[in-house]
1. Nearest 5 percent is fine: what portion of the DSSP beta bridges confined to the chain is antiparallel?
2. Fewest to most neighbouring Cβ within 10 Å: what's the order for 4, 157?
3. How big, on average over all directions, is the shadow cast by the Cα convex hull of the chain, in nm²?
4. How high is the relative contact order of the chain, in percent, counting Cα pairs under 8 Å that sit 6 or more residues apart?
5. Hey, got the dipole for the chain? About the Cα centre, +1 on K and R Cβ, -1 on D and E Cβ, debye to the nearest 20?
6. Loop-only trypsin sites (Lys or Arg not before Pro) in the stretch 1-70, please: DSSP not H, G, I, E or B, and at most 11 other Cβ atoms within 10 Å.
7. Give me the number: length gained by fully extending residue 172 to residue 20, i.e. 0.36 nm times residue separation minus the C-alpha to C-alpha distance, one decimal in nm.
8. Determine the sum of side-chain charges near residue 122: Lys and Arg each +1, Asp and Glu each -1, restricted to other residues whose C-beta is under 10 angstrom from that of residue 122.
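What follows draws every value from the coordinates through simple rules; no lab data is involved. As the structure is a computational prediction, the values presented were derived from the model and not from experiment. Because the Cβ atoms are built from the backbone with ideal geometry, glycine has one as well, and the counts that use them run over all protein chains shown.
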Amino acid sequence: MKSILAVIDLQNVFADPASEWFTPRFAEVLAPIHRLVTAFGDDVVFTRFIAPSRPEGAWKRYYEQWPFALQPPDAPLYQVISEFQPTSTVDATTFGKWTPRLATRVGGARLVLAGVSTDCCVLSTALAAADAGVSVTVVSDACAGGNDESHAKALDIMRLYEPLVKVATTDEVLG
């Protein structure tokens, strides 16, 4: 079965230690992600979390807590880190990136997930894709969470969804 790699939210806002949304182990997942991106070639999709122009519903309260994030999609904080230069991205104003655009790109393939953060956007994407009937593999050592405990808990939660969601290492995925 063909696989598509989705690199979730590898953006400056999560990479920058000065950011309120800094992901502590961000730099540690770059080497495994580079390996995956190289191996998957043209079958790679990068996603971005972006702020809505006008938050609605519960998102209003969310952005009251994080007002710095109410910036346009072309703001530097929302750009994919400079180590990667995707020609296009799948953008979403939601944690989960399982959007119609990503679903179309994946088609009937297996979805392989890497990126940040394990305990938010990766988890939300994995579960939504699994609910849609997609076979999902989450690459544990190519994901980073808000902290080590949350990362481990999110992986444990996703393991509960086997066989729809599989958790594997980079070596297992590329083996």
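1. Working: 1 of 23 bridges.
Just about 5 percent of them are antiparallel.
2. Numbers: 4 19, 157 16.
Listed from fewest to most nearby Cβ atoms, that is 157, 4.
3. Value for the chain: 9.6 nm².
4. 27 percent
5. 480 debye
6. Those satisfying the criteria are 2.
7. Values: separation 152, 0.36 × 152 = 54.72 nm, distance 3.32 nm.
Full-extension gain reported as 51.4 nm.
8. Result for the neighbourhood of residue 122: -1.
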